[in-house]
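Note sheet for the following structure.
Any read-out appearing in this document is the output of simple, stated calculations on the displayed coordinates, not a laboratory observation. Just so it is clear, the structure is predicted and the values come from calculations on it, not from any experiment. For neighbour counting, all protein chains shown are included, and Cβ atoms are generated from backbone atoms with ideal geometry for every residue, glycine included.
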């Protein structure tokens, strides 16, 4: 069966004029209506109208960015902010009062580069201190390795109020703040001396007063060094606290397992 295209064209022209004269449909080219009738396209838009329609459409706009969830301040964040604030205030309050030369002298007295050779020289001391020396020397080396490892793992920068020009950094790991190596070192020495004092008193009753005096001096020295790390601006309070705890733990390990 063949389609009579001419007849369809005249029919389409007649229908188009009739419909438009009665305002039943908008004016559309009759040839497209006939095309729509043949192809079954009921969208009633010419190809040019379709192209125009799509070309005039605004490109899809990205939706509003998803609102970031309100991150509640965690307990760790609160403690860190408190740590920073307290450390800065302690440094600011005592800076005009305490001479920096005194704080630097305390820092030097517990520096490993000075303290370890002095500890080695105790090998020439009387036999009273001989049982104390192996755990002391080995514990100092243990402290050096452990503190360096923790600093590399955490990589916490030193306080912003720290005067770096007065620091004599031996190795790059000293640029990190957590934990305090000075606090761990002096607390290790004081704790080890405290643990060893009982054995020394048992073996040398006559020297118990001297042992008590030395023990008191060592503990005062350890506390002054630890506090001075915050006052000097080298560390945060948490650095000193964790360093001191590590020092005590190292002393227990050295006293129990590193005696010869």
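Structure notes:
- Within the range 89-113, residues that are without any contact (Cβ under 8 Å) to a residue 40 or more places away in the chain sit with their Cβ atoms under 7 Å from residues that are part of a helix (DSSP H, G or I) and loosely packed, with under 13 Cβ neighbours inside 10 Å, at 6+ positions apart or across chains, in these pairs: 108/114.
- Summed over the range 115-160, residues that are surrounded by 15 or more Cβ atoms within 10 Å (Cβ to Cβ) and over 21 Å from residue 257 (Cα atoms) total 7.
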